[in-house]
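Quick notes on the structure that follows.
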Amino acid sequence: MVSIDIAARILKHKKVVVITFMVIAIISAIVQFSVSVNYNMVDYLPDDAQSTTAMDVMEEEFDGSVPNTRVMINDVTVQEALQVKEELAAIDGVNNVTWLDDAIDIKTPLEMADKDTIETYYKDDKAIISFSIRDGDEVAITDKIYELIGEENAMAGAALDTAVSQKMAGSESMYAAALLIPIIILILIVSTTSWLEPVFFLTAIGVSVLINLGTNIFIGEVSFITQSVAPILQLAVSLDYAIFLLHSFGDYRQKLSDPVEGMQLAMKKSFPAVAASAATTFFGFMALTFMNFEIGADLGLNLVKGIVLSFISVMVFLPALTVMFYKWIDKTQHKPLLPNFKKIGNNVIKIRIPVLILVFLMIVPAFLAQSNTDFTYGAGDHPEQTRAGSDKIKIEETFGKYTPLVLLVPKGDVAKEEELVEELKGFGPVTSVMAYVNTVGSVIPPEYLDESITEQFYSENYSRIILHTNAGIEGDKAFSLVDSVQDAADSYYEGEVYSLGESVTLYDMKHVVQKDNTLVNLLTIIAIAIVLLVTFKSVSIPLVLLLTIQSAVWINLAVPYFTNSSLVYVGYLIVSTVQLAATVDYAILLMEAYKENRKEMTAFQAIKKTIDEKIFSIAISASILSSVGFILWLTSSNPIVGSIGLLLGRGALLAFIMVVCFLPAMLLVFDKVIDKTTWKANFYKK
């Protein structure tokens with residue numbers, strides 16, 4: 001609780017407080033540019049994931065990495081394709097350039113070679129060349145490759161996807177902010193009676209957002225999801241704190257002539273509401289840090305840090321700033337721009353029975369549907385209108401999908417290796433297999449050959465087998481192939497094998513995040529339930545509020561199932577936590593007001609009055625969070641960020657509808673139960 005004494009000290013040193021916060025914010029704004037952004041989802045898998053271990057083993061044993069990009073050159077002869085291959089290999093950062101000459105001896109006539117093998121690399125006078133790109137330099141290297149191949153040829157692959165994401169992230173964040181800030185200002189102008197008050201809201205939260213971004217320098221690196229989502233999400237969920245404080249200050253200004261005294265009382269009065277709101281969001285975001293898939297911990301840590309900083313900014317910086325410049329607020333007063341909502345409570349009461357029936361009919365199907373949605377685990381495809389998207393389509397139309405999959409098996413038993421390679425060739429989605437035994441020849445001992453020939457296949461301890469597949473990077477077909485390849489290799493080498501590649505990584509990701517889902521949701525619900533229990537000193541109120549918001553979450557996440565669209569699992573996992581943590585505030589706001597009103601009047605009268613008083617505040621909060629979500633969805637070309645945005649935007653709207661329509665109906669139905677299970681409820685009795 002903020003005492004009058006603490007509030008007085010903050011306001012006494014208001015200039016020092018304001019200057020300190022502004023200086024820290026400016027330093028943070030500069031420092032944040034030194035924080036590196038990680039675009040590689042693989043880095044966030046647990047250290048004990050099979051694909052992570054496999055990558056470590058391969059990096060120790062082999063110099064070259066797995067091909068992760070390919071270019072298609074149109075209208076070329078074999079000799080011209082070889083020339084392009086050499087030019088690609090000459091680019092700094094391009095390694096393991098592979099083409100037809102690595103699979104067959106091209107000195108012999110092509111007509112004598114295996115047709116399927118040739119068409120894997122050369123078809124209709126088009127050559128497809130595969131290679132790997134050095135991690136960390138994807139943008140510069142892919143730009144050089146585009147210069148080399150020109151507009152008429154095409155490039156696709158994981159490294160290019162990373163490069164595109166890097167290029168788009170900065171510009172998209174600026175675009176999202178440019179759209180969002182005017183919308184939020186407009187919403188806040190409508191909700192206040194001063195043209196300048198919204199600037200105070202945004203300054204207080206903006207300062208905390210900048211400080212949060214700057215403090216990431218101590219972490220050193222953040223994921224691209226955190227970079228794209230965390231600042232905007234922090235702004236959206238913590239603006240409420242500033243609104244609570246300044247609305248309370250406005251009420252006291254009408255009663256008291258001294259603005260300092262009014263702010264002291266406003267700080268004291270608004271502290272419990274701001275603290276409860278921040279606590280539910282804090283513990284909800286805290287649950288993300290328990291994810292094994294560390295992208296959750298990365299985002300969760302940033303959001304938790306952001307909530308704490310927003311809370312401090314609103315309770316320390318905003319009061320000092322407001323008292324310094326309150327005359328500006330006074331000079332820019334305007335009449336309320338919206339009518340009052342005095343009759344809405346009465347209308348909500350009338351529809352309570354149909355709403356209860358409808359929601360209870362929807363809850364079970366929604367719960368079942370959201371757990372049976374078709375999920376994707378990767379970043380997805382680029383839009384067709386982009387060069388990366390159209391290039392990928394052109395390449396797949398000629399050469400089909402291409403996903404390299406690498407096996408590392410113990411070195412030494414050539415006969416066993418040859419048998420495994422032959423078995424792998426028989427798998428339907430496998431288009432070709434490159435290993436020493438079938439590329440160089442099992443009869444030629446590797447020690448008789450130059451190291452430049454053997455190094456891509458043999459290390460000191462392992463033999464590397466590269467499979468070219470057309471199963472795609474994820475989905476039933478791709479994951480089934482990963483299973484089959486691993487089972488086949490295990491049958492020869494009894495668990496001493498490692499597999500890696502994009503499809504293997506997503507296979508591991510699928511199994512890691514599915515385990516995370518149950519844990520994170522359970523932790524979120526338990527943490528928020530405890531906060532609600534302490535806040536309301538009631539057993540039944542937390543149950544009613546959680547059912548209201550959790551129902552909105554289930555309905556939101558069930559939409560993709562009923563629309564037959566796939567959902568990015570990382571987005572699903574994050575939003576199922578974030579929506580609950582961020583929108584339970586609406587229910588808290590309504591419940592606190594109802595509890596107070598219920599002490600003086602009947603349940604029906606209390607509900608009507610509460611809705612009339614609070615619907616406006618809840619609508620403002622929901623419209624801001626919803627705007628944030630929908631703008632993220634509209635502006636981001638990254639499917640993960642876009643998915644989080646869409647779910648968040650829709651989720652905030654659904655939460656608003658549930659709190660305004662379903663929660664009042666529940667409070668009326670369980671009024672007597674709430675009275676008996678709440679400590680010192682003191683409900684009005686006729």
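A short reminder: the numbers here are calculations on the coordinates, not readings from a lab. Everything numeric in this text was worked out from a predicted model, so none of it was measured. We place every Cβ from the backbone using ideal geometry, glycine too, and count neighbours over all the protein chains shown.
Miscellaneous remarks
- A simple spin-label model places pseudo-atoms 7 Å from Cα toward Cβ; at residue 397 and residue 101 they are separated by 3.0 nm.
- Taking every DSSP helix (H) stretch of at least 4 residues in the chain, weighting each as -39,500 (n - 2.57) and dividing the sum by the residue count yields a mean residue ellipticity at 222 nm of -22000 deg cm²/dmol.
- For the listed residue pairs 401/510; 515/537; 392/510, the alpha carbons are over 30 angstrom apart in 515/537.
- Over all other residues within a Cβ to Cβ distance under 11 Å of residue 75, the charged ones net out to -3, with Lys and Arg as +1 and Asp and Glu as -1.
- Cα shape, segment 514-562, gyration tensor, a/c 1.5 rule: oblate
- Where GluC sites (Glu not before Pro) fall in DSSP loop in segment 122-217, at most 16 other Cβ within 10 Å: 151, 152
- Integer Hz, Karplus 6.51/-1.76/1.60 couplings in order for segment 266-276, x for Gly and Pro: 5, 4, 5, 5, 7, 3, x, 5, 5, 5, 5
- For the chain: relative contact order, % (alpha-carbon pairs under 8 angstrom, 6 or more apart): 19
- Seen from residue 351, the other residues with C-beta closer than 15 Å to its C-beta sum to a net charge of +4, counting Lys and Arg as +1 and Asp and Glu as -1.
- The modelled label-to-label distance between residue 422 and residue 26, using points 7 Å beyond Cα along the C-beta direction, is 7.6 nm.
- Antiparallel beta bridges, as assigned by DSSP with both residues in the chain, represent about 85 percent of the total such bridges.
- Taking segment 297-319 and a reference point 7 angstrom along Cα→Cβ of residue 290, the backbone N atoms nearer than 14 Å belong to 297.
- In nm, spacing of pseudo-spin labels at residue 151 and residue 534 (7 Å Cα→C-beta vector): 6.3
- Efficiency of FRET from Cβ geometry, residue 374 and residue 15, R₀ 56 Å, rounded to 0.05: 0.45
- Relative to the longest principal axis of the Cα atoms of the chain, the long axis of helix 78-89 makes an angle of roughly 50 degrees.
- The GluC sites (Glu not before Pro) found in segment 367-433 that occupy coil by DSSP, while having at most 12 further C-beta atoms within 10 Å, are 384.
- Looking at segment 305-388, the trypsin sites (Lys or Arg not before Pro) that sit in a DSSP loop and have at most 13 other Cβ atoms within 10 Å of their own Cβ are 342, 343.
- Angle in degrees between helix 569-598 and the longest Cα principal axis of the chain, rounded to the nearest 10: 10
- Relative to the longest principal axis of the Cα atoms of the chain, helix 603-635 runs at roughly 30 degrees.
- Multiplying the residue separation of residue 74 and residue 260 by 0.36 nm and removing their Cα-Cα distance gives an extension gain of 59.5 nm.
- Cβ-Cβ FRET estimate between residue 670 and residue 312, R0 fixed at 56 Å, reported to 0.05: 0.95
- Contact order, relative form, for segment 65-163: 47 percent (alpha carbon pairs under 8 Å, 6 or more residues apart, mean separation divided by residue count).
- Violating pairs (Cα-Cα greater than 25 angstrom) within the set 269/676; 416/477; 167/305; 126/411; 595/685: 269/676; 416/477; 167/305; 126/411
- Each Lys or Arg adds one and each Asp or Glu subtracts one; over the other residues with Cβ under 14 Å from the Cβ of residue 531, this totals -1.
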